[in-house]
Amino acid sequence: MADEGREPLDVRIDSEGREGLTGTTPASIYRPLRDAEQVTLPPDGKPMDAQPAWRTDFPIDWPQDQYVERRDFMKFMVLTSLAFTVGQFWIAAKSLVRRGNRAPSGVRLASTDDLAVGDVRTFAFPTEHDPCILMRPADRTFVAYSQKCTHLSCAVIPQIADGVIRCPCHEGIFDMASGRPLAGPPRRPLVRIELDVRDGQIFATDVEARTV
Amino acid sequence: MSIRRPFTRGQRATIVNGMLAFVIVLVILQLWLLTATMNAYLGGDDSVIVPAAAASLACLLLNAGLLRYLYHIERTRQ
(Lines give C-alpha, C1' and ligand atoms only; values in the text may rest on other atoms or scores of the structure.)
Protein backbone atom coordinates (compact mmCIF):
# COMPACT_ATOMS: atom_id res chain seq x y z
CA MET A 1 0.00 0.00 0.00
CA ALA A 2 1.01 3.58 -0.60
CA ASP A 3 0.72 4.56 3.04
CA GLU A 4 2.88 1.74 4.35
CA GLY A 5 5.51 3.14 6.67
CA ARG A 6 3.76 6.43 7.11
CA GLU A 7 3.57 7.62 10.70
CA PRO A 8 -0.08 7.42 11.81
CA LEU A 9 -1.44 10.55 13.36
CA ASP A 10 -3.49 10.91 16.46
CA VAL A 11 -7.04 10.54 15.18
CA ARG A 12 -8.46 12.63 17.99
CA ILE A 13 -7.03 16.00 17.06
CA ASP A 14 -9.12 17.23 14.13
CA SER A 15 -12.65 17.56 12.91
CA GLU A 16 -14.97 14.68 12.29
CA GLY A 17 -14.24 12.83 9.05
CA ARG A 18 -10.99 14.71 8.52
CA GLU A 19 -9.11 13.59 11.56
CA GLY A 20 -5.37 13.81 11.14
CA LEU A 21 -5.98 15.71 7.95
CA THR A 22 -3.02 16.62 5.82
CA GLY A 23 -3.99 18.35 2.64
CA THR A 24 -7.11 16.63 1.30
CA THR A 25 -6.24 13.13 2.36
CA PRO A 26 -9.20 11.41 4.03
CA ALA A 27 -8.54 10.17 7.51
CA SER A 28 -9.68 6.68 6.67
CA ILE A 29 -6.41 5.84 4.98
CA TYR A 30 -4.50 5.92 8.25
CA ARG A 31 -4.17 2.94 10.49
CA PRO A 32 -5.97 3.37 13.81
CA LEU A 33 -3.53 4.48 16.45
CA ARG A 34 -2.94 2.45 19.57
CA ASP A 35 -3.95 4.29 22.74
CA ALA A 36 -0.84 6.30 23.58
CA GLU A 37 -1.66 6.17 27.26
CA GLN A 38 -1.81 2.42 27.34
CA VAL A 39 1.72 1.76 28.48
CA THR A 40 1.04 -1.82 29.43
CA LEU A 41 0.37 -4.29 26.64
CA PRO A 42 -1.72 -7.31 27.60
CA PRO A 43 0.05 -10.60 26.87
CA ASP A 44 -2.68 -11.74 24.49
CA GLY A 45 -2.40 -8.53 22.44
CA LYS A 46 -6.13 -7.82 22.55
CA PRO A 47 -7.38 -4.29 23.36
CA MET A 48 -7.94 -3.39 27.00
CA ASP A 49 -11.71 -3.31 26.46
CA ALA A 50 -11.58 -7.03 25.75
CA GLN A 51 -9.49 -7.81 28.81
CA PRO A 52 -10.88 -9.22 32.07
CA ALA A 53 -11.82 -6.65 34.70
CA TRP A 54 -8.99 -7.57 37.04
CA ARG A 55 -6.41 -6.57 34.44
CA THR A 56 -7.78 -3.05 34.20
CA ASP A 57 -8.25 -2.82 37.97
CA PHE A 58 -4.69 -3.91 38.74
CA PRO A 59 -2.51 -2.04 36.25
CA ILE A 60 1.25 -2.38 36.34
CA ASP A 61 2.23 1.09 35.12
CA TRP A 62 2.50 3.84 37.72
CA PRO A 63 0.24 6.56 36.25
CA GLN A 64 -2.65 4.19 35.68
CA ASP A 65 -2.12 2.62 39.09
CA GLN A 66 -2.25 6.03 40.77
CA TYR A 67 -5.43 6.89 38.91
CA VAL A 68 -7.08 3.57 39.84
CA GLU A 69 -6.11 3.85 43.51
CA ARG A 70 -7.55 7.37 43.76
CA ARG A 71 -10.71 6.27 42.01
CA ASP A 72 -11.10 3.31 44.37
CA PHE A 73 -10.37 5.52 47.39
CA MET A 74 -13.11 7.84 46.21
CA LYS A 75 -15.51 4.87 46.02
CA PHE A 76 -14.55 3.96 49.58
CA MET A 77 -15.14 7.53 50.76
CA VAL A 78 -18.59 7.58 49.14
CA LEU A 79 -19.35 4.30 50.92
CA THR A 80 -18.22 5.94 54.18
CA SER A 81 -20.51 8.85 53.39
CA LEU A 82 -23.39 6.38 52.98
CA ALA A 83 -22.55 4.81 56.35
CA PHE A 84 -22.60 8.21 58.08
CA THR A 85 -25.96 9.01 56.51
CA VAL A 86 -27.37 5.66 57.67
CA GLY A 87 -26.07 6.53 61.15
CA GLN A 88 -27.89 9.86 61.08
CA PHE A 89 -31.16 8.20 60.16
CA TRP A 90 -30.59 5.54 62.80
CA ILE A 91 -30.35 8.32 65.40
CA ALA A 92 -33.53 9.86 63.99
CA ALA A 93 -35.31 6.49 64.29
CA LYS A 94 -34.07 6.05 67.88
CA SER A 95 -35.33 9.53 68.67
CA LEU A 96 -38.79 8.67 67.35
CA VAL A 97 -38.87 5.51 69.44
CA ARG A 98 -37.74 7.42 72.51
CA ARG A 99 -40.41 10.04 71.94
CA GLY A 100 -43.00 7.27 71.85
CA ASN A 101 -41.81 5.79 75.16
CA ARG A 102 -42.58 8.56 77.60
CA ALA A 103 -41.51 8.08 81.19
CA PRO A 104 -44.31 7.00 83.52
CA SER A 105 -45.33 9.85 85.74
CA GLY A 106 -45.49 9.67 89.51
CA VAL A 107 -43.69 6.44 90.40
CA ARG A 108 -43.27 6.18 94.15
CA LEU A 109 -39.66 5.62 95.21
CA ALA A 110 -39.63 5.84 99.00
CA SER A 111 -40.96 7.78 101.92
CA THR A 112 -38.89 10.58 103.36
CA ASP A 113 -38.66 8.71 106.65
CA ASP A 114 -37.04 5.71 104.94
CA LEU A 115 -34.16 7.82 103.66
CA ALA A 116 -31.97 9.37 106.35
CA VAL A 117 -29.63 12.28 105.58
CA GLY A 118 -26.58 10.88 103.80
CA ASP A 119 -28.43 7.78 102.63
CA VAL A 120 -28.50 6.46 99.08
CA ARG A 121 -31.06 4.18 97.50
CA THR A 122 -31.04 2.56 94.07
CA PHE A 123 -34.11 2.21 91.89
CA ALA A 124 -34.99 1.72 88.22
CA PHE A 125 -36.70 4.46 86.22
CA PRO A 126 -38.34 4.83 83.71
CA THR A 127 -37.82 1.15 82.80
CA GLU A 128 -36.29 -1.71 84.72
CA HIS A 129 -33.19 -1.40 82.52
CA ASP A 130 -32.43 2.16 83.67
CA PRO A 131 -30.69 2.03 87.06
CA CYS A 132 -30.84 5.22 89.10
CA ILE A 133 -29.72 6.51 92.48
CA LEU A 134 -31.74 8.52 94.96
CA MET A 135 -29.76 10.55 97.51
CA ARG A 136 -30.52 12.75 100.48
CA PRO A 137 -27.48 14.99 100.93
CA ALA A 138 -29.28 17.39 103.30
CA ASP A 139 -32.40 17.34 105.42
CA ARG A 140 -34.66 18.98 102.85
CA THR A 141 -32.76 18.02 99.73
CA PHE A 142 -33.45 14.97 97.60
CA VAL A 143 -31.68 14.38 94.30
CA ALA A 144 -31.81 11.49 91.88
CA TYR A 145 -29.71 10.71 88.82
CA SER A 146 -29.24 7.91 86.37
CA GLN A 147 -26.54 5.60 87.61
CA LYS A 148 -24.95 5.39 84.15
CA CYS A 149 -21.90 7.56 83.65
CA THR A 150 -22.30 9.76 80.57
CA HIS A 151 -18.85 8.71 79.37
CA LEU A 152 -19.14 4.94 78.91
CA SER A 153 -22.14 3.99 81.08
CA CYS A 154 -20.20 2.64 84.06
CA ALA A 155 -22.15 2.66 87.34
CA VAL A 156 -21.40 5.86 89.26
CA ILE A 157 -20.91 5.91 93.05
CA PRO A 158 -22.13 8.78 95.22
CA GLN A 159 -19.73 10.22 97.80
CA ILE A 160 -22.13 12.29 99.82
CA ALA A 161 -19.54 13.56 102.31
CA ASP A 162 -17.60 15.12 99.44
CA GLY A 163 -20.67 16.33 97.58
CA VAL A 164 -19.71 14.47 94.42
CA ILE A 165 -20.64 11.41 92.42
CA ARG A 166 -17.66 9.44 91.18
CA CYS A 167 -17.25 7.09 88.27
CA PRO A 168 -14.60 4.50 89.17
CA CYS A 169 -13.91 3.38 85.58
CA HIS A 170 -12.14 6.51 84.33
CA GLU A 171 -12.18 8.74 87.38
CA GLY A 172 -15.04 10.92 86.24
CA ILE A 173 -16.40 13.26 88.92
CA PHE A 174 -19.87 14.83 88.92
CA ASP A 175 -21.30 17.55 91.12
CA MET A 176 -23.95 16.05 93.38
CA ALA A 177 -26.18 19.12 93.42
CA SER A 178 -26.37 19.65 89.66
CA GLY A 179 -25.04 16.42 88.12
CA ARG A 180 -22.59 18.41 85.98
CA PRO A 181 -19.16 16.92 85.23
CA LEU A 182 -16.32 18.37 87.30
CA ALA A 183 -13.40 16.22 86.25
CA GLY A 184 -12.43 13.29 84.07
CA PRO A 185 -13.59 12.31 80.60
CA PRO A 186 -17.39 12.84 80.91
CA ARG A 187 -18.61 15.92 79.05
CA ARG A 188 -22.34 15.70 79.63
CA PRO A 189 -24.14 15.95 82.99
CA LEU A 190 -25.75 12.88 84.53
CA VAL A 191 -29.32 12.27 83.45
CA ARG A 192 -31.44 13.83 86.18
CA ILE A 193 -34.59 12.22 87.51
CA GLU A 194 -37.16 14.83 88.41
CA LEU A 195 -38.63 14.26 91.84
CA ASP A 196 -41.82 15.32 93.52
CA VAL A 197 -41.88 15.19 97.31
CA ARG A 198 -45.36 15.41 98.75
CA ASP A 199 -47.03 14.06 101.87
CA GLY A 200 -43.78 12.50 103.02
CA GLN A 201 -43.48 10.44 99.85
CA ILE A 202 -40.90 10.77 97.06
CA PHE A 203 -42.10 10.29 93.50
CA ALA A 204 -40.12 10.14 90.25
CA THR A 205 -41.96 12.19 87.65
CA ASP A 206 -39.72 12.61 84.63
CA VAL A 207 -36.27 12.14 83.08
CA GLU A 208 -34.16 15.10 82.07
CA ALA A 209 -31.18 14.45 79.80
CA ARG A 210 -28.95 17.47 79.23
CA THR A 211 -26.07 18.40 76.97
CA VAL A 212 -24.59 21.07 79.31
CA MET B 1 -16.53 23.31 15.03
CA SER B 2 -15.87 22.06 18.50
CA ILE B 3 -15.01 18.45 19.07
CA ARG B 4 -15.77 16.51 22.25
CA ARG B 5 -12.61 14.61 22.96
CA PRO B 6 -12.30 12.13 25.77
CA PHE B 7 -10.17 13.26 28.69
CA THR B 8 -6.61 12.11 28.70
CA ARG B 9 -5.37 10.08 31.61
CA GLY B 10 -3.57 13.12 33.02
CA GLN B 11 -6.75 15.15 32.86
CA ARG B 12 -8.75 12.39 34.48
CA ALA B 13 -6.17 12.11 37.25
CA THR B 14 -6.51 15.84 37.92
CA ILE B 15 -10.30 15.56 37.92
CA VAL B 16 -10.33 12.60 40.28
CA ASN B 17 -7.91 14.38 42.63
CA GLY B 18 -10.15 17.45 42.73
CA MET B 19 -13.28 15.38 43.29
CA LEU B 20 -11.53 13.35 45.97
CA ALA B 21 -10.58 16.51 47.87
CA PHE B 22 -14.20 17.68 47.73
CA VAL B 23 -15.52 14.27 48.83
CA ILE B 24 -13.10 14.15 51.78
CA VAL B 25 -14.26 17.57 52.99
CA LEU B 26 -17.89 16.44 52.76
CA VAL B 27 -17.19 13.19 54.61
CA ILE B 28 -15.41 15.08 57.41
CA LEU B 29 -18.44 17.37 57.62
CA GLN B 30 -20.67 14.30 57.89
CA LEU B 31 -18.49 12.86 60.65
CA TRP B 32 -18.80 16.10 62.58
CA LEU B 33 -22.57 16.10 62.02
CA LEU B 34 -22.84 12.53 63.28
CA THR B 35 -20.86 13.15 66.47
CA ALA B 36 -22.67 16.42 67.20
CA THR B 37 -26.06 14.80 66.59
CA MET B 38 -25.22 11.82 68.78
CA ASN B 39 -24.13 14.16 71.57
CA ALA B 40 -27.36 16.12 71.25
CA TYR B 41 -29.46 12.95 71.16
CA LEU B 42 -27.80 11.55 74.29
CA GLY B 43 -28.28 14.93 75.93
CA GLY B 44 -32.02 14.80 75.23
CA ASP B 45 -32.00 17.47 72.52
CA ASP B 46 -34.00 16.17 69.56
CA SER B 47 -34.31 19.46 67.71
CA VAL B 48 -31.15 19.08 65.62
CA ILE B 49 -31.70 15.49 64.51
CA VAL B 50 -33.86 16.07 61.43
CA PRO B 51 -31.86 19.04 60.01
CA ALA B 52 -28.62 17.11 60.56
CA ALA B 53 -30.02 14.04 58.81
CA ALA B 54 -31.12 16.21 55.88
CA ALA B 55 -27.68 17.84 55.66
CA SER B 56 -25.98 14.47 55.78
CA LEU B 57 -28.26 13.16 53.04
CA ALA B 58 -27.42 16.21 50.90
CA CYS B 59 -23.70 15.48 51.37
CA LEU B 60 -24.26 11.86 50.35
CA LEU B 61 -26.14 12.91 47.22
CA LEU B 62 -23.32 15.30 46.29
CA ASN B 63 -20.75 12.55 46.80
CA ALA B 64 -22.79 10.05 44.82
CA GLY B 65 -23.18 12.59 42.02
CA LEU B 66 -19.43 13.12 41.85
CA LEU B 67 -18.83 9.37 41.74
CA ARG B 68 -21.40 9.06 38.98
CA TYR B 69 -19.59 11.74 37.00
CA LEU B 70 -16.34 9.82 37.45
CA TYR B 71 -17.95 6.71 35.97
CA HIS B 72 -19.35 8.87 33.19
CA ILE B 73 -15.94 10.17 32.09
CA GLU B 74 -14.56 6.64 32.23
CA ARG B 75 -17.35 5.41 29.96
CA THR B 76 -16.75 8.33 27.57
CA ARG B 77 -13.16 7.25 27.17
CA GLN B 78 -14.05 3.74 26.07
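What to note about this one:
- Residues that are closer than 19 Å to residue A:206 by Cβ and in contact with an Asp or Glu (Cβ under 7 Å, 6 or more places away or on another chain), drawn from the range A:113-139: A:124
- Annotation note: of A:185, A:189, the sole residue that is touching a residue at least 12 places away in the same chain (Cβ under 8 Å), touching a Ser or Thr at 6+ places or on another chain (Cβ under 8 Å) and within 14 Å of another protein chain (Cβ to nearest Cβ) is A:189.
- Selection status of residue A:204, open to solvent by less than 30 Å² (accessible area, probe 1.4 Å) and outside any helix (DSSP H, G or I): yes
- Count of the range B:34-64 residues which are at the interface with chain A (Cβ under 7 Å from one of its Cβ atoms) and not charged (D, E, K, R): 19
- Residue in the range B:14-28 that is more than 7 Å from chain A (Cβ to nearest Cβ), modelled with pLDDT under 95 and not in a helix (DSSP H, G or I) present: no
- Subset of the range A:111-156 [surrounded by fewer than 17 Cβ atoms within 10 Å (Cβ to Cβ) and assigned to a strand (DSSP E or B)]: A:111, A:120, A:121, A:122, A:124, A:131, A:138, A:141, A:155
- Selection of the range B:32-78 for residues being among the polar types (S, T, N, Q), open to solvent by 60 Å² or more (accessible area, probe 1.4 Å) and part of a helix (DSSP H, G or I) yields B:35, B:39, B:76.
Here's the yes/no breakdown for (1) under 19 Å from the mean Cα position of the chain (by Cα); (2) assigned to a helix (DSSP H, G or I); (3) of a type outside the set (D, E, K, R); (4) under 30 Å from residue A:144 (Cα atoms):
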site: A:55; (1), (2), (3), (4): no, yes, no, no
site: A:64; (1), (2), (3), (4): no, yes, yes, no
site: A:72; (1), (2), (3), (4): no, yes, no, no
site: A:75; (1), (2), (3), (4): yes, yes, no, no
site: A:79; (1), (2), (3), (4): yes, yes, yes, no
site: A:94; (1), (2), (3), (4): yes, yes, no, yes
site: A:99; (1), (2), (3), (4): no, yes, no, yes
site: A:108; (1), (2), (3), (4): no, no, no, yes
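- Applying the condition of being touching a residue at least 40 places away in the same chain (Cβ under 8 Å) and either of a type in the set (A, V, I, L, M, F, W, C) or within 14 Å of residue B:24 (Cβ to Cβ) (or both) to the range A:64-108 and asking which residue is least open to solvent (accessible area, probe 1.4 Å) yields A:103.
- Residue, surrounded by the fewest Cβ atoms within 10 Å (Cβ to Cβ), within the range A:157-182, restricted to residues that are at pLDDT below 95, among the small types (Gly, Ala, Ser) and over 15 Å from residue B:43 (Cα atoms): A:161
- Note on the range A:183-201: among residues that are open to solvent by less than 40 Å² (accessible area, probe 1.4 Å) and part of a loop (DSSP other than H, G, I, E, B), the one that is nearest to residue A:109 (Cα to Cα) is A:200.
- Within the range B:1-13, the set of residues being surrounded by fewer than 17 Cβ atoms within 10 Å (Cβ to Cβ), of a type in the set (Gly, Ala, Ser) and outside any loop (DSSP other than H, G, I, E, B) comprises B:10 only.
The values are calculated or read from the model by the stated rules, or taken from the named source; none is laboratory data. Every value quoted in this text rests on a predicted model; they were computed, and no experiment measured them. Don't worry about glycine lacking a Cβ; one is built from the backbone with ideal geometry, like all the others, and counts go over all protein chains shown. Ligands, DNA and RNA are excluded from the accessible area calculation, which covers all protein heavy atoms including side chains. Shrake-Rupley method; radii C 1.70, N 1.55, O 1.52, S 1.80 Å.
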